[in-house]
Each structure stands twice: as C-alpha cells, then as structure tokens.
Amino acid sequence: MGVFSKMFGKYLLLTNTLSCGMMMAAGDLMQQRSDFLKKHLTKSTAANEQTTNVLSQHTKKLANSLDDELENLQSVVRIVAKNEAPVAANTADGYDWIRTRNMATVGLLQGPFHHYFYAVLEKFVPGRSAVSIVKKTLLDQSIASPTCLGIFFFGLGVMENRNLKEINSEVKLKLVDTWKVDCMFWPPTQFINFMLIPLQYRVMYINFMTMIYDMFLSYMKYDAEFE
C-alpha cells in the first residue's frame, strides 16, 4: 500500500486532522500578509503625499538662499528615510506567530469533528441524488457550521486567556455576521463536495476551501470593526 493510499485509508483521521490545522494556519498567514500589504500601501501613499508637500514648498522657496534650499532638501531625505525604514524590518518578520499557532490549534480541534461528522452524515443520508445532496447541505449548514464557528471563537478565546464572559460577548457580537457569510460560501461549496468528491477525500476538499474561507474568519476575529 502506497503512502497516498495509507493517508486516505488507514490514517485518514490523522490526515484530516493535520490538514485542517495546516490549512487554518495557512489561511491566517495569507490574511496577515494581505493586511500588511494594505497597511504598507496606505503608509507609502501618506509618505508620498508628505514628500510631495515638502517638495512643493521647496519649489516656492527656490529664490531663497542656498542654505535654505539645502535645509529643505535634507528634510525631504529625513521624511523618506523615516517612512521607508520600518518597511524592511516589517517585511523580515511581520507575522504574529502566536496568532497563527492558535489558529492552527483550532484547526486541529476541528479536524476530528469534520472526520466523524461527514462519515456519519454519509451513513444516514447516503447517495448522490438531488434530494440527498440537498439534505446533506442543509444538515451541514445547520449542524457543522455553527459547531465549527463555536469551536473557532471559544477555542481562540481560551488560548488568548479570556474569561467566559469576554468570550460570550465576542460570540454575540460576531457570530451572526460570520454565519451570514458562511451561508453564502459553504452551501455551493458543499453541493459540489457531496455531488462529486468521494467520501475519503471530502474533508481534505473542505480543508482546502477552509484555507480560503479562513482568511475571512481571521479578518472577523482580529481585524473587523463592530459598532
């Protein structure tokens, strides 16, 4: 038996669990990178505007003495150096690795749930008929989705040393909006899953799609602003 066959046969639970953790971590790193690039773009734009303003003022003062001109040019250099210097440092190590570790841990917690849930779901709602696919999709969205979101928010809250009251407050604030987006992303994704993907590969497919979806989850957890 080859390695691939063992991964999706004898060691399927381990494969599903590890892949879920890895995809959660990858999704978070992608979100952090995206957030860094947006902040860098905003910062660079502000720096360019500031530099342009100084240059404009400098142009108006060309008639002044050479000493004044040199002083203005030096101020431009200082502004550019001040705004560009931190970029290299942030690029070298701009990731929150503790946050990524926590996301990976939550993925490892969700992996076994995915593994057993879809096995049981296939047992009780077998086949790939239109009726079966609709039933599976509805059950997935009504059972698996809120369960995984609960694991996500509560798991991260515990690892961030928050108390139960703080975790409950965050869940009340973010869960509904997160689930609304969840309802738009996962039903069509799972329809394809139940219609085309063999049972032993379904969790891996879900984990891959979760890597994309986790960019949104990471945003909702760490970057989204709520009134």
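The values are calculated or read from the model by the stated rules, or taken from the named source; none is laboratory data. Please read these numbers as outputs of a predicted model, since none were measured by experiment. Ideal geometry is used to build each Cβ from the backbone, glycine not excepted, and the neighbour counts take in all protein chains shown.
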Out of PHE117, PHE36, which single residue is part of a helix (DSSP H, G or I), modelled with pLDDT of 55 or more, aromatic (Phe, Trp, Tyr) and buried (at least 16 other Cβ atoms within 10 Å of the Cβ)? PHE117
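Answer yes if at least one residue in segment 186-196 is among the polar types (S, T, N, Q), modelled with pLDDT under 90 and touching a helix residue (DSSP H, G or I) at 6+ places or on another chain (Cβ under 8 Å), and no otherwise.
no
Per-residue answers, yes or no, for (1) at pLDDT 60 or above; (2) among the aromatic types (Phe, Trp, Tyr); (3) in contact with a helix residue (DSSP H, G or I) (Cβ under 6 Å, 6 or more places away or on another chain):
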position	(1), (2), (3)
TYR11	yes, yes, no
LEU62	no, no, no
LYS82	no, no, no
THR91	no, no, no
GLY107	yes, no, yes
If we keep just the residues of segment 120-137 that are surrounded by 15 or more Cβ atoms within 10 Å (Cβ to Cβ) and touching a residue at least 24 places away in the same chain (Cβ under 8 Å), which is nearest to the chain's Cα centre (by Cα)? THR137
Determine which single condition GLY94 fails, assuming it passes every other condition in (1) farther than 25 Å from MET22 by Cβ; (2) not in a helix (DSSP H, G or I). (1)
Criterion: closer than 19 Å to GLY27 by Cα, of a type outside the set (Gly, Ala, Ser), in contact with a helix residue (DSSP H, G or I) (Cβ under 6 Å, 6 or more places away or on another chain) and surrounded by 14 or more Cβ atoms within 10 Å (Cβ to Cβ) - qualifying residue of ASP140, ASP182: ASP182
Got a sec? Which of TYR205, TYR222 is at pLDDT 90 or above and not hydrophobic (A, V, I, L, M, F, W, C)? TYR205
From the list LEU14, LEU18, LEU41, LEU37, which residue is of a type in the set (A, V, I, L, M) and in contact with a Leu (Cβ under 8 Å, 6 or more places away or on another chain)? LEU18
Filter segment 143-163 down to the residues that are surrounded by fewer than 15 Cβ atoms within 10 Å (Cβ to Cβ) and touching a Phe, Trp or Tyr at 6+ places or on another chain (Cβ under 9 Å), then identify the one that is nearest to TRP179 (Cα to Cα). PRO146
State all residues of segment 127-148 that are among the basic types (Lys, Arg) and part of a helix (DSSP H, G or I); if no residue qualifies, say none. LYS135, LYS136
Looking at THR178, THR147, which is the one that is in contact (Cβ under 8 Å) with a residue 12 or more places away in the chain, hydroxyl-bearing (Ser, Thr, Tyr) and more than 22 Å from THR15 (Cβ to Cβ)? THR178
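Given the criterion out of contact with any Gly (no Cβ under 9 Å at 6 or more places or on another chain) and surrounded by 14 or more Cβ atoms within 10 Å (Cβ to Cβ), identify the matching residue among ILE212, ILE197.
Answer to the selection: ILE197.
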